[in-house]
1. How high is the relative contact order of segment 85-226? Use alpha-carbon pairs under 8 Å, at least six apart in sequence, and give a whole percent.
2. Hey, can you grab everything whose amide H is under 5 Å from the amide H of Leu137? Only 5+ residues off in sequence or another chain; H modelled, so Pro and N-termini drop out.
3. For a quick check, take a GNM of the chain with Cα springs below 10 Å and name the residue from Trp161, Trp60, Trp98 with the largest mean-square fluctuation.
4. Report, in degrees rounded to the nearest 10, the 0 to 90 angle that the Cα long axis of helix 43-54 makes with the longest principal axis of the chain.
5. Can you compute the radius of gyration and Dmax for segment 124-226, using only the Cα atoms, both in Å?
6. Note the angle between two axes, namely the Cα long axis of helix 59-87 and the longest principal axis of the Cα atoms of the chain, as a number of degrees from 0 to 90, rounded to the nearest 10.
7. Suppose every Lys and Arg Cβ carries +1 and every Asp and Glu Cβ carries -1, with no other charges. What dipole size does segment 68-226 come out with about its Cα centre, to the nearest 20 debye?
8. Just to be sure I understand the model, the point goes 7 Å from the Cα along the line to the Cβ. What's the resulting Leu220 to Met66 distance in nm?
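Derivation of every value follows stated rules applied to the coordinates shown; laboratory data play no part. Owing to the predicted nature of the structure, the values given are computational and were not obtained by experimental measurement. Glycine gets a Cβ as well: all are built from the backbone with ideal geometry, and neighbour counts include every protein chain shown.
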Amino acid sequence: MNRLRYLLGTTIGRKLVVALTGIVLILFVVGHISGNLTIYIGQSALNSYAHFLQTSPMLWVMRLAMLAIVVLHIALGFTSMRENHLARPETCHAGQSWYLRLYQQRMIISGLVLLAFIACHVAHLTLGVGLGEVSRLKDTSGHVDVYSRVVSTFQNAWIAWAYIAAMLFLAIHLKHTVRAVFQTLGFFRENYFEFFEFLSWMVTLVVVAGFISIPLSVQLGWLTLP
Ligand code: HEM
């Protein structure tokens, strides 16, 4: 506990914690999209995967741990950005174009959009708020019909496009986070620069394309209700 307090008391320690919590969150989105892609195998594949998660004895431990990680990531992320700004005030000066200022603030903006997205997303797809009858559906194995929840949600064009827009903010946030993680952990040396930059783009593009493909496939009629 004392070591953690000491770590959080130093600038480099705070940056390290942002990077480590960032790694856990990257692993979460990679795991989440891998599970979600089972929707292309079919209704029973996605529902069995969701059932496996929902009935795991570790579910609440994982949820609380993730909540703590998100809180740490946001709080220390804000602090790190403020410290960077105070250390290099010349990076933000009067007369700067609005799009440069927007670019400099992209992590805060995309982070806040993602926070609002996750709150709505969990209320909607996990808690079933606003889903009506669909939230009570079970499949033939008696599992919660997550497949029908997802497909009926994205049959609404507004929701589908709102998800796609939110995923663009995820792309902005993820690209920077993956790169920052490599940087903080010391991998971003000159001779590997291009390799890790390429890797950051690849992780981001694959994850975001996977997420976007689901609302898009429903809108295009490739995924339909059973
Ligand atoms: C098209 C994109 C997405 C789809 C189709 C999707 C689908 C789902 C579904 C079906 C659930 C409920 C699972 C269940 O009840 O067992 C869920 C939960 C969740 N999703 Fe997503 N998701 C998407 C994008 C995202 C993104 C980008 C994030 C994070 C940045 C995210 C974070 C979460 C979280 C935190 C939960 C709650 C997990 C829990 O129950 O503890 N999702 N998602």
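1. Working: 94 pairs, mean separation 35.7, N = 142.
So the answer I get is 25 percent.
2. For Leu137, the qualifying residues are Asp145.
3. Trp98
4. So the inclination is approximately 60 degrees.
5. For segment 124-226, the Cα-based Rg and Dmax read 18.2, 57 Å.
6. It works out to around 30 degrees.
7. Details: 10 positive and 8 negative charges, 42 e Å.
With Lys and Arg at +1 and Asp and Glu at -1, about 200 debye.
8. 2.8 nm
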